[in-house]
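Everything below concerns the one structure shown next.
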Amino acid sequence: MTDSILYPLGLHLAGRSAVVVGGGAVAARRAAGLVAADAIVTVIAPEAGSDLRALLLTGAVTWLERGYRTGDLDGAWLVHTATGAADVDTQVAADAEAARVWCVNATDHRSSAAWVPAVTRGDDVTVAVSAGGDPRRAMALRDAIGHALDAGSLPLRHRRRRAGTGTVHLVGGGPGDPSLITVRGRRLLAEADVVISDRLGPRSLLGELDAEVLVIDVGKLPGHHPVPQDEINALLVEHARAGRRVVRLKGGDPYVLGRGGEEAEFCRRHGVTVEVVPGVTSAISVPAAAGIPVTHRGVATGFTVVTGHEQLASLPGGRDHTVVLLMGVGALAGSAAVLAQGVRGGECPVAIIEDGYGPNQRVTIGTLDTIAAQAVAREVRSPAVIVVGAVVSLSPYSSSPAHSPQHSDTSFADSTPRKAHP
């Protein structure tokens, strides 16, 4: 049978009888796979190994605690035999052939009537790989395909739409580097019919989408919002109600100062299924690009993330409590003055990281007393993240380390500074 061309087939086994003969690890794997397919599973074996016993504890399998007998396959749609005893497996296969029941014979796969491929699954995609009886080759191919599925690098967009309302996924794209979006976010982007994109998401990924995908740019600039939030909310619902798969691609994390909560609430209120996919927030990742941890043992034990438009006087702690300002460039002078009046003082270190992880990443280091003037002199522009606190001195861009050299164990994402401005 090894020279025969296989006829690939997917089986719906839910509610149908399947038999597994054998009690070892292979039999347990086959039984578990059948249970996952909602089959009615009977295992026949005088003894059960540890893997099978664990499965039996779930109550999903009926165990006949004895050897195989002719007639045990009556009513079965599929049988797996994996006793390790050639004579028993041969008898099971012969009985299955006589009863016109497909049999997978683990002992003699070369003459088996059916084979089990190497399988990888991702959501509603199932890929089965056979490789001419070479299981290691099949598994290597399966793993490679699985990685490509996870990475969203395969053509995953649905071509047949199911009837009814579509879906909305609020995907956190991270700080802009396409390698920092989550695996799930990347996959959903590859499946999308419509992408409603922010300015600060991983926009380079949009060029990889199918030509038929509708991309709507709703990016906002400081003080300039060409598409108001109400219209963005309406677009999400409009396209989902048309049965489309909508990805709202946002920078950072949807729930960290990204108005994702408002968008999710609006979708649910209008009967649209919505999923929030977390992202790597710029509040933590962009400081890391400059070698700044927002907390560090002996330096800072907590941090607060606010926008530059918030009142800062009531923030807790001193230099040992890190303050991360998002969207704070325009109000930097006022924010620095407020923070300097508290226990942090005017000498508290400050860093501004522009275009974090982008091609124009630039770091400016100063203090609360000096940073506003430095920002003006260097023409600092958004997008930028501002970090205030003793942790700034941990950065390799800083000339005043926060702790002695023997304790310098900090790591940083960008080991080659692009433009440092202490």
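The values are calculated or read from the model by the stated rules, or taken from the named source; none is laboratory data. In this text, all values refer to a predicted model and were calculated from it rather than measured experimentally. Positions of Cβ are backbone-derived with ideal geometry, glycine not excepted, and every protein chain shown enters the neighbour counts. When the accessible area is computed, the model is the full protein with side chains, heavy atoms only, and any ligands, DNA or RNA have been set aside. Shrake-Rupley method; radii C 1.70, N 1.55, O 1.52, S 1.80 Å.
How many residues are surrounded by 21 or more Cβ atoms within 10 Å (Cβ to Cβ) and either assigned to a helix (DSSP H, G or I) or not small (Gly, Ala, Ser) (or both) if we restrict to the range 373-389?
Residues of the range 373-389 that are surrounded by 21 or more Cβ atoms within 10 Å (Cβ to Cβ), as a first pass: 375, 383-389.
Those still in the list that are either assigned to a helix (DSSP H, G or I) or not small (Gly, Ala, Ser) (or both) too: 375, 383, 385-388.
So the answer is 6.
Need a quick list: strands (runs of 3 or more DSSP E) entirely within the range 19-104 having at least 3 residues that are among the hydrophobic types (A, V, I, L, M, F, W, C) and either open to solvent by less than 40 Å² (accessible area, probe 1.4 Å) or within 21 Å of Val116 (Cα to Cα) (or both).
Details: elements: 40-44, 61-64, 78-81.
Fully inside the range 19-104 and qualifying: 40-44.
Val306 meets all of the listed conditions (1) touching a strand residue (DSSP E or B) at 6+ places or on another chain (Cβ under 7 Å); (2) touching a residue at least 40 places away in the same chain (Cβ under 8 Å); (3) within 22 Å of Leu170 (Cα to Cα) but one, namely (2).
Residues in the range 329-345 that are surrounded by 14 or more Cβ atoms within 10 Å (Cβ to Cβ) and assigned to a loop (DSSP other than H, G, I, E, B): Val329, Ala331, Gly342, Arg344, Gly345. Kindly check whether there is at least one residue in the range 142-163 that is modelled with pLDDT of 85 or more, assigned to a strand (DSSP E or B) and in contact with a Ser or Thr (Cβ under 7 Å, 6 or more places away or on another chain). No, the range 142-163 contains no residue that is modelled with pLDDT of 85 or more, assigned to a strand (DSSP E or B) and in contact with a Ser or Thr (Cβ under 7 Å, 6 or more places away or on another chain).
Restricting the search to the range 317-365, which residues are closer than 17 Å to Ala288 by Cα and more than 33 Å from the chain's Cα centre (by Cα)? If the condition is that a residue be closer than 17 Å to Ala288 by Cα and more than 33 Å from the chain's Cα centre (by Cα), then Pro349, Ile365 are the ones that fit. Among the residues of the range 123-146, just one is open to solvent by 70 Å² or more (accessible area, probe 1.4 Å), in contact (Cβ under 8 Å) with a residue 12 or more places away in the chain, within 24 Å of the chain's Cα centre (by Cα) and under 18 Å from Leu9 (Cα atoms), namely Thr126. Just one of (1) aliphatic (A, V, I, L, M); (2) under 21 Å from the mean Cα position of the chain (by Cα); (3) under 26 Å from Ala18 (Cβ atoms); (4) buried (at least 17 other Cβ atoms within 10 Å of the Cβ) fails for Val119. It is (4).
Any idea which residue in the range 350-368 is most open to solvent (accessible area, probe 1.4 Å), counting only those that are in contact with a helix residue (DSSP H, G or I) (Cβ under 9 Å, 6 or more places away or on another chain) and more than 16 Å from Gly328 (Cα to Cα)? Applying the filter and picking the extreme gives Tyr357. Which of the residues that make up the range 1-22 are at pLDDT below 95 and closer than 15 Å to Asn105 by Cα? Within the range 1-22, Met1, Thr2 qualify.
Residue under question is Val119, and the condition is that it be part of a strand (DSSP E or B) and out of contact with any Leu (no Cβ under 9 Å at 6 or more places or on another chain); does it hold?
Here the answer is yes, as Val119 does meet what is asked.
Taking into account only those residues within the range 240-263 that are assigned to a helix (DSSP H, G or I) and surrounded by fewer than 21 Cβ atoms within 10 Å (Cβ to Cβ), which is nearest to the chain's Cα centre (by Cα)? Here the answer is Gly261.
The residue that is most open to solvent (accessible area, probe 1.4 Å), among those in the range 296-328 that are in contact with a Gly (Cβ under 7 Å, 6 or more places away or on another chain) and within 18 Å of Ala384 (Cβ to Cβ), is Met327.
Condition first: in contact with a strand residue (DSSP E or B) (Cβ under 8 Å, 6 or more places away or on another chain) and open to solvent by less than 80 Å² (accessible area, probe 1.4 Å). Now tell me which residues in the range 1-15 satisfy that.
Step one: list which residues in the range 1-15 are in contact with a strand residue (DSSP E or B) (Cβ under 8 Å, 6 or more places away or on another chain), which gives 8, 10-11, 13, 15.
Selection gives Gly10, Leu13, Gly15.
Within the range 164-186, being touching a residue at least 40 places away in the same chain (Cβ under 8 Å), open to solvent by 10 Å² or more (accessible area, probe 1.4 Å), within 19 Å of Asp150 (Cβ to Cβ) and not acidic (Asp, Glu) holds for His169, Leu180, Ile181, Thr182, Arg184.
Scanning the range 105-116 for residues that are in a helix (DSSP H, G or I) and open to solvent by less than 70 Å² (accessible area, probe 1.4 Å) yields one hit, Ser111. Restricting Val280, Val227 to residues that are open to solvent by 20 Å² or more (accessible area, probe 1.4 Å), free of Cβ contacts under 8 Å to residues at least 40 places away in the same chain, closer than 22 Å to Leu189 by Cβ and of a type in the set (Val, Ile, Thr) narrows the list to Val227. Can you say whether Ile196 is part of a strand (DSSP E or B) and open to solvent by 20 Å² or more (accessible area, probe 1.4 Å), as far as the supplied structure shows? It is false that Ile196 is part of a strand (DSSP E or B) and open to solvent by 20 Å² or more (accessible area, probe 1.4 Å). Among the residues making up the range 302-316, those that are closer than 21 Å to Val286 by Cβ and either part of a loop (DSSP other than H, G, I, E, B) or over 33 Å from the mean Cα position of the chain (by Cα) (or both) are Gly308, His309, Glu310, Leu312, Leu315.
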